[in-house]
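Participant: The structure's right below; bear with me while I get my questions together.
Every read-out reported here was derived from the displayed coordinates using simple, explicitly stated rules and does not represent laboratory data. Note that the structure is a prediction, hence the values are computed from the model and not measured. We place every Cβ from the backbone using ideal geometry, glycine too, and count neighbours over all the protein chains shown.
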Amino acid sequence: MVTDSAMAFIRLYRDSDFEACAQICIATLPPSLAASPAAAKLSPYLWTHPYTFLSPSTCYVLDDGTGTAVGYCIGCPDVYAFVAEYSRYVTSILSRDVESPGFDVREPWTVPATTSTDENSASVVINPQALAQNAYRADWMLLESNEAVTKRWRATMHIDLLPAWQGQGWGRQLIESFVLSVQKSGQDYGEGEHIGVAGENSKVVAFYEKVGFRVVEGGEGDNNIIMVRDISKL
């Protein structure tokens with residue numbers, strides 16, 4: 001892809017960015033999610049569409065200059081207010097595109113891989129049914145086992161840029177746009193924001209540290225790294 005940073009600019013998300021943002025999410029997934037087409041297809045319904053639907057005023061995209069989104073920083077100022085409103089997203093977007101799974105049994109996050117002759121194949125894969133359950137249950141996805149952090153740093157965000165647009169300073173600018181929108185939101189964001197970094201993607205921790213995040217005490221696990229950034233009041 002040929003990029004022209006001179007034409008690119010940051011703007012608020014708009015409804016016409018729906019598919020482009022879904023593709024950005026899928027294109028930048030960690031290996032475990034990317035390895036499963038079913039899991040990859042579901043991923044935007046957990047980590048992209050809920051925020052752009054429920055909190056568009058805190059969702060920013062990098063426009064390549066032709067109207068196409070090639071990156072984003074999306075999130076919400078208060079995960080508790082977000083969870084309280086989540087049923088609107090389920091009714092308007094999720095139930096339209098993703099069949100509701102059963103909830104009698106909590107699905108495991110991973111399941112054994114199907115038999116493969118590839119020696120490098122993973123022995124377990126992400127369970128699409130677990131993703132579907134979490135897509136319908138924002139409280140599981142955002143609050144469960146994490147309230148010591150979320151009650152203090154109530155905002156959260158996700159940032160992804162297509163590979164050709166990485167390393168040019170856009171990530172920092174997108175994050176600063178998001179932070180300012182949180183400060184102006186009028187919502188209770190507590191001490192700031194928190195993010196989760198997949199353990200398999202730990203190489204990005206250094207980037208987040210450069211833009212003001214730190215690993216929270218006790219937040220460094222094998223599968224997920226919890227980071228926070230303090231956000232001052234305006």
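Participant: Enter the mean projected area of the convex hull around the alpha-carbon atoms of the chain, in nm², rounded to one decimal.
Facilitator: Approximately 13.7 nm², given one-decimal rounding.
Participant: So what are the ³J(HN,Hα) numbers for region 148-163, from phi and the Karplus equation (6.51, -1.76, 1.60; θ = phi - 60°), rounded to whole Hz, Gly and Pro as x?
Facilitator: 4, 8, 5, 6, 9, 10, 7, 7, 8, 8, 9, 10, 8, 10, 4, x
Participant: Could you tell me which of GLY199, GLY221, PRO163 has its Cα farthest along the dipole of region 161-222 towards the positive end, charges placed at Cβ (Lys, Arg +1; Asp, Glu -1), taken about the Cα centre?
Facilitator: PRO163
Participant: Calculated from DSSP H runs of 4 or more alone, at -39500 (n - 2.57) each and per residue, what is the 222 nm mean residue ellipticity of the chain, nearest 500?
Facilitator: Details: 11 runs with 79 residues, N = 234.
For the chain, the value works out to -8500 deg cm²/dmol.
Participant: When Lys and Arg each count +1 and Asp and Glu each count -1, what net charge do the other residues less than 14 Å away from GLN129, Cβ to Cβ, add up to?
Facilitator: 0
Participant: If each residue's Cβ is checked for other Cβ atoms within 10 Å, how do SER185, SER95, SER36 rank with the fewest at the top?
Facilitator: Result, fewest neighbours first: SER95, SER185, SER36.
Participant: Right, here's the next one. Under Stokes-Einstein, with the Kirkwood radius over Cα pairs standing in for Rh, what whole-number D in µm²/s applies to region 174-230 at 37 °C and 0.692 mPa s?
Facilitator: 272
Participant: Further question on the same structure: Provide the percentage of antiparallel DSSP beta bridges, counting only those with both residues in the chain; round to the nearest 5.
Facilitator: Percentage antiparallel, nearest 5: 95.
Participant: Taking amide H positions as placed 1.01 Å from N in the peptide plane, with prolines and chain starts having none, which residues 5 or more places from GLY192, or on another chain, fall under 5 Å of its amide H?
Facilitator: ARG154, ALA155, ILE231
Participant: Report the calculated FRET efficiency for ASP188 and GLU209 (r = Cβ-Cβ distance, R0 = 30 Å), to the nearest 0.05. Let's see the in-between values first.
Facilitator: Values: r = 26 Å, r/R0 = 0.86.
Efficiency at R0 = 30 Å is approximately 0.70.
Participant: If a/c stays under 1.5 just call it rounded; otherwise compare a/b with b/c (prolate if a/b is bigger, oblate if not). Do that for region 48-138, with a ≥ b ≥ c from the square roots of the Cα gyration tensor eigenvalues.
Facilitator: oblate
Participant: Let me ask you something else. Taking amide hydrogens as modeled 1.01 Å from N in the peptide plane, which residues meet the under 5 Å criterion relative to VAL125, leaving out close sequence neighbours?
Facilitator: VAL111, ALA113
Participant: By how many nm would the segment from PHE103 to VAL216 grow when fully extended, if each residue of separation counts as 0.36 nm and the alpha-carbon distance is taken off?
Facilitator: Details: separation 113, 0.36 × 113 = 40.68 nm, distance 3.17 nm.
That works out to 37.5 nm of additional length.
Participant: Mind listing which trypsin sites (Lys or Arg not before Pro) in region 121-156 are in a DSSP loop and have 16 or fewer other Cβ atoms within 10 Å?
Facilitator: LYS151, ARG152
Participant: A follow-up question, please. Show log10 I(q)/I(0) for region 114-234 at q = 0.11 Å⁻¹, two decimals, from a solvent-free Debye sum over equal Cα scatterers.
Facilitator: Summing over Cα pairs of region 114-234 leads to -0.47.
Participant: Right, next: Please give the net charge around VAL182, taking every other residue with its beta carbon less than 15 angstrom from that of VAL182, where Lys and Arg add +1 and Asp and Glu add -1.
Facilitator: Summing Lys/Arg as +1 and Asp/Glu as -1 gives -1.
Participant: Which of PHE9, PHE207 comes first, and how do the rest follow, when ranked by fewest Cβ neighbours within 10 Å?
Facilitator: Ranked by crowding around the Cβ, least crowded first: PHE9, PHE207.
Participant: Give, as a single signed number, the net charge of other residues whose beta carbon lies under 14 Å from the beta carbon of LYS210, with Lys and Arg counted +1 and Asp and Glu -1. Write down the numbers at each step before the final one.
Facilitator: Numbers: positive: ARG172, LYS203, ARG214, ARG229; negative: GLU176, GLU209.
Once positives and negatives cancel, what remains is +2.
Participant: In what order do PHE82, PHE103 fall by count of nearby beta-carbon atoms within 10 Å, going from fewest to most?
Facilitator: By the 10 Å Cβ count, ascending, the order reads PHE103, PHE82.
Participant: Anything over 26 Å Cα to Cα? Flag those among LYS184/LYS210; LYS203/LYS233; LYS151/LYS210; LYS210/LYS233, in the order listed.
Facilitator: The pairs that break the limit, which is 26 Å between Cα atoms, are LYS203/LYS233.
Participant: Moving to a separate point now. For region 1-78, run through the trypsin sites (Lys or Arg not before Pro) and keep only the ones in DSSP coil with at most 14 other Cβ atoms within 10 Å of their Cβ. Don't skip to the answer; put the middle values down first.
Facilitator: On the way: sites: ARG11, ARG14, LYS41; in loops: ARG14.
For trypsin sites (Lys or Arg not before Pro) across region 1-78 that sit outside H, G, I, E and B with at most 14 neighbouring Cβ atoms in 10 Å, the list reads ARG14.
Participant: Please state the shape class of region 156-205: rounded when a/c is under 1.5, otherwise prolate if a/b exceeds b/c and oblate if not, all from the C-alpha gyration tensor.
Facilitator: Note, shape of region 156-205 comes out oblate.
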